[in-house]
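The values are calculated or read from the model by the stated rules, or taken from the named source; none is laboratory data. Please read all numbers here as calculations on a predicted model, not as lab measurements. Ideal geometry is used to build each Cβ from the backbone, glycine not excepted, and the neighbour counts take in all protein chains shown. Side chains included, ligands, DNA and RNA excluded: accessible areas come from the protein's heavy atoms. Shrake-Rupley method; radii C 1.70, N 1.55, O 1.52, S 1.80 Å.
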Amino acid sequence: MALDSKIPQGPLADKWTNYKNEINLVNPANKRLIDVIVVGTGLAGGSAAATLAELGYNVKAFCFQDSPRRAHSIAAQGGINAAKNYQGDGDSTYRLFYDTVKGGDYRSREANVYRLAEVSTNIIDQCVAQGVPFARDYGGLLDNRSFGGVLVSRTFYAKGQTGQQLLLGAYSAMNRQIGRGKIKMYNRHEMLDVVKVDGKARGIITRNLVTGEIERHSAHAVVLGTGGYGNVFYLSTNAMGSNVTAAWKAHKRGAYFANPCYTQIHPTCIPVSGDHQSKLTLMSESLRNDGRIWVPKKKEDAIAIREGKKKPTELAEDERDYYLERRYPAFGNLVPRDVASRAAKERCDAGFGVNKTGEAVYLDFASAIERYGKEQAYVQHKDANDKAVVTALGTEVVRNKYGNLFQMYEKIVDQNPYKTPMMIYPAVHYTMGGLWVDYNLQTSVEGLYAIGEANFSDHGANRLGASALMQGLADGYFVLPYTIGDYLSNDIRTGPISTDSPEFEEAEQNVRKQVDALVNNNGTKSVDYFHKKLGKIMWNKCGMSRNATDLQSAIDEIASLRDDFYKEVRVPGGQNEFNEELAKALRVADFLELGELFAKDALTRNESAGGHFREESVELDGPQKGEALRDDENFTFVSAWEYKGAPKDAVLHKEELKFENIELKQRSYK
Ligand SMILES: Cc1cc2nc3c(=O)[nH]c(=O)nc-3n(C[C@H](O)[C@H](O)[C@H](O)COP(=O)(O)OP(=O)(O)OC[C@H]3O[C@@H](n4cnc5c(N)ncnc54)[C@H](O)[C@@H]3O)c2cc1C
């Protein structure tokens with residue numbers, strides 16, 4: 001099937017408006033005759049379900065948690081972008097569009113990103129109307145802070161709990177519709193297959209995670225808002241349950257999987273402490289607004305610190321290497337995530353790491369505490385030369401801005417970050433790849449839509465901070481409700497979709513077979529044993545930097561690990577009961593297939609772009625020496641993979657990217 005992105009004609013700034021003026025609408029009486037399944041109730045799925053129900057469609061919403069409130073979106077800390085320009089610091093729709101395309105290393109679709117920037121401002125109004133308690137300045141206006149990769153402050157936030165507050169907004173909007181019976185909520189239900197009838201998505205098969213019952217659910221269209229697949233790495237900042245199953249099963253039914261190898265590595269996470277961990281903790285990027293990143297200048301100092309013989313606070317200013325400020329004077333500590341992550345790895349690989357394993361750098365608030373403290377001392381007519389007074393006042397300002405993050409760090413690391421610098425290291429955080437979608441957010445299967453982190457989205461090869469929440473809510477509140485309406489306008493006479501068709505029967509049997517096989521396998525090794533092994537291959541060979549030899553061996557190793565999994569895995573307990581091991585096994589089975597496609601995709605992309613750093617593709621000289629080298633001549637496309645059986649047989653389709661409004665330039669943050 002040829003890829004048609006369905007980008008509307010006309011000037012960039014008019015595309016979305018013209019599109020909305022021209023699409024078919026469904027009259028309110030007919031909306032009552034149409035069912036829509038929304039799988040996933042994070043920010044993307046939750047906002048979509050609430051909006052579609054508010055419009056009058058009958059929505060069936062599914063999530064595997066006990067409540068939509070527990071979706072992974074709750075973890076988002078730092079904030080959400082919008083081009084409101086409240087500060088008057090020069091922001092605009094165009095600038096947000098430009099920063100996002102540049103930040104994504106010119107590997108995203110212009111038309112989608114422009115629409116995202118355009119609707120970003122509506123999101124804030126919508127959320128404020130719902131009562132989301134965004135931070136406000138002294139005069140009562142909404143406050144902003146800045147995130148990496150931009151030179152303006154456009155990030156709206158609610159302390160370090162922005163995702164939670166936004167999710168509560170979407171959740172209350174959903175609850176209103178659950179109360180009215182317009183949303184039927186299926187908690188603790190895991191989608192295990194998509195059902196296609198006459199080539200169109202017409203339903204799903206789910207497993208009730210409490211009773212084990214396998215169920216059929218039908219609808220006129222299916223929307224997947226099922227999040228990202230960073231957990232393929234085992235260790236990541238994602239919620240433990242995040243997985244690829246829904247997207248992968250859709251892929252097996254004909255939905256192309258786009259850019260699977262595009263992973264975001266986040267620079268400011270609490271470093272790995274050992275083999276016992278199953279999760280990594282993110283420290284929000286907003287901390288880089290005030291925190292300065294450094295390692296010792298001299299290796300002897302780094303070694304002394306690692307051995308516990310020296311403390312970071314004993315090193316004078318000129319003994320510290322603020323390497324981001326040194327290498328990137330224009331953006332300093334606020335370079336984008338891929339740049340900051342690579343720079344941290346480079347310093348640690350060179351022997352300057354500061355924790356026991358040598359895989360950590362410092363994020364230091366001492367200067368911020370002093371700067372804010374002095375300012376407060378002036379404001380409050382206190383002695384700005386009294387160190388104790390300044391430190392106390394400055395600490396209070398920092399506590400007000402980032403208090404819960406500091407508390408979290410102290411609980412995990414048992415060190416007081418107000419007194420000694422935090423230790424941080426890059427970790428897997430977000431996946432820019434996902435189901436390929438056209439401008440309508442429809443996958444390559446008719447009637448099957450993907451929104452939020454589950455689609456390959458608008459972020460190209462790198463996602464700037466605070467733009468995942470923006471995209472999830474843009475898709476759910478403001479884009480999908482229009483685009484799906486255009487599709488559903490052809491379904492007003494279809495009537496209810498029966499679940500008795502051979503297609504539903506085949507899909508249900510398919511799921512039953514897989515569940516039976518896993519429960520009765522009686523191997524000797526746990527599901528986690530395989531997941532951890534997969535994670536190690538992914539991190540070592542498909543992680544922060546990649547090369548052809550390692551990627552080829554990753555493909556082979558993952559295929560053989562998958563064979564072992566089916567021979568050796570043991571899933572205790574039965575299938576007709578609550579069985580977390582079984583749920584995990586089904587998810588890891590899909591990770592073991594996705595992982596191979598991921599490595600295959602990375603192998604075919606012989607360029608460095610965004611977080612995807614190929615060791616063979618580095619700037620060798622000039623002002624960008626040592627930086628990632630993009631290859632626009634050969635790789636200005638989206639990779640969209642078609643399923644053909646084993647991942648090694650997947651077929652690559654290329655969606656060529658056209659840049660008509662932005663000049664492709666080398667990214668420079670210097
Ligand atoms: C620690 C952390 C901090 C972050 N901070 C920020 C930030 O400050 N700003 C920002 O913009 N982004 C941030 N992000 C990224 C952002 O939180 C996510 O990209 C975003 O929330 C994803 O939303 P989503 O709705 O697409 O998916 P999710 O919130 O992951 O929701 C997925 C939903 O799908 C359901 N689901 C999945 N599979 C199935 C299945 N098979 N069957 C049934 N249901 C299923 C789940 O139950 C859940 O309801 C952060 C991420 C992390 C990990």
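The figures follow:
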quantity: DSSP-defined beta bridges in the chain - what % are antiparallel, rounded to 5; calculated: 70
quantity: Residue-normalised accessible area of the range 157-312, given per residue in Å² at a 1.4 Å probe; calculated: 31
quantity: 21 Å Cα-Cα threshold exceeded, pairs from Lys31/Lys249; Lys525/Lys567; Lys411/Lys584; Lys279/Lys532; Lys31/Lys184; calculated: Lys31/Lys249; Lys411/Lys584
quantity: Charge-dipole axis of the chain as Lys and Arg at +1 and Asp and Glu at -1 on Cβ define it, positive-most pick from Gly78, Val413, Tyr186; calculated: Val413
quantity: 10 Å binning of all Cα-Cα separations within the chain, expressed as whole percents from 0 upward; calculated: 3, 16, 27, 27, 18, 8, 2, 0, 0
quantity: Inter-label distance, nm, simple model (7 Å from Cα along the C-beta direction), Glu307/Tyr566; calculated: 5.3
quantity: Accessible-area composition of the chain, carbon plus sulfur, in percent [1.4 Å probe]; calculated: 48
quantity: Under 5 Å, built H, 5+ apart or other chain: amide partners of Gly203; calculated: Val195, Ala219
quantity: Of the DSSP H helices in the chain, those whose Cα atoms cover at least 27 Å axially and whose Kyte score averages -1.0 or more; calculated: 110-130, 387-413, 548-568, 580-604
quantity: Under-5 Å amide H pairs with Val223, H placed in peptide plane, nonlocal only; calculated: Ile37, Val38, Val39, Tyr449
quantity: Potential lengthening between Glu619 and Glu317 on full extension [0.36 nm per residue; Cα-Cα distance subtracted]; calculated: 105.6 nm
quantity: Hull-based mean projected area of the range 85-237, where the convex hull spans the alpha carbons, in square nanometres; calculated: 13.2
quantity: Positive-end extreme of charge dipole, the range 289-382 - chosen from Gly353, Asn289, Ile369 (charges on Cβ); calculated: Gly353
quantity: Packing-based ranking, highest mean first, of 494-502, 119-127, 508-516 given that Cβ atoms within 10 Å are counted; calculated: 119-127, 508-516, 494-502
quantity: For the range 567-670, accessible area per residue (1.4 Å probe, heavy atoms of protein chains only), Å²; calculated: 44
quantity: Residue-averaged 222 nm ellipticity for the chain, from DSSP H runs of 4+ at -39500 (n - 2.57), nearest 500; calculated: -11500 deg cm²/dmol
quantity: By average C-beta atoms within 10 angstrom, highest first, the peptides 197-210, 459-472, 619-632, 149-162; calculated: 459-472, 149-162, 197-210, 619-632
quantity: Computed over the range 552-621, Kirkwood Rh from alpha-carbon pairs, angstrom; calculated: 14.6
quantity: Local electrostatic count at Asn440 - Lys and Arg +1, Asp and Glu -1, tallied over other residues with Cβ under 10 Å; calculated: -1
quantity: Sparse-neighbourhood loop sites, chymotrypsin sites (Phe, Trp or Tyr not before Pro) in the range 577-670 - DSSP loop, at most 15 other Cβ within 10 angstrom; calculated: Phe578, Phe659
quantity: Percent of alpha-carbon pairs separated by more than 25 Å within the range 1-143; calculated: 46
quantity: Size-normalised alpha-carbon gyration radius of the range 48-124, reference 2.2 N^0.38 Å; calculated: 1.42
quantity: Efficiency of FRET from Cβ geometry, Arg493 and Lys279, R₀ 41 Å, rounded to 0.05; calculated: 0.25
quantity: Cβ-derived FRET efficiency at R0 25 Å, Val128 paired with Arg176, nearest 0.05; calculated: 0.90
quantity: Under the Debye formula (equal points on every Cα, no solvent term), log10 I(q)/I(0) of the range 614-659 at q = 0.19, 0.22 Å⁻¹; calculated: -0.76, -0.83
quantity: Net length gained if the chain between Ser92 and Lys184 were fully extended (0.36 nm per residue, minus Cα distance); calculated: 29.2 nm
quantity: Coarse-grained scattering of the range 214-304 at q = 0.14 Å⁻¹, given as base-10 log I(q)/I(0) from a Debye sum over alpha-carbon atoms; calculated: -0.76
quantity: At R0 = 41 Å, FRET efficiency that the Cβ-Cβ distance of Asp414 and Asp528 yields, to 0.05; calculated: 0.95
quantity: Local net charge near Asn521, Cβ-Cβ under 9 Å (Lys/Arg +1, Asp/Glu -1); calculated: +1
quantity: Heavy-atom accessible area per residue - the range 421-538, 1.4 Å, Å²; calculated: 30
quantity: Built amide H within the under 5 Å cut-off of Phe613, gap 5+; calculated: Arg546
quantity: Relative contact order, percent, the range 324-380 [alpha-carbon distance under 8 Å, six or more residues apart]; calculated: 17
quantity: Distance between modelled label sites at Lys670 and Thr121, nm, 7 Å Cα→Cβ extension; calculated: 3.6
quantity: Net charge, Ser120 excluded, C-beta distance under 13 Å - Lys, Arg +1, Asp, Glu -1; calculated: -2
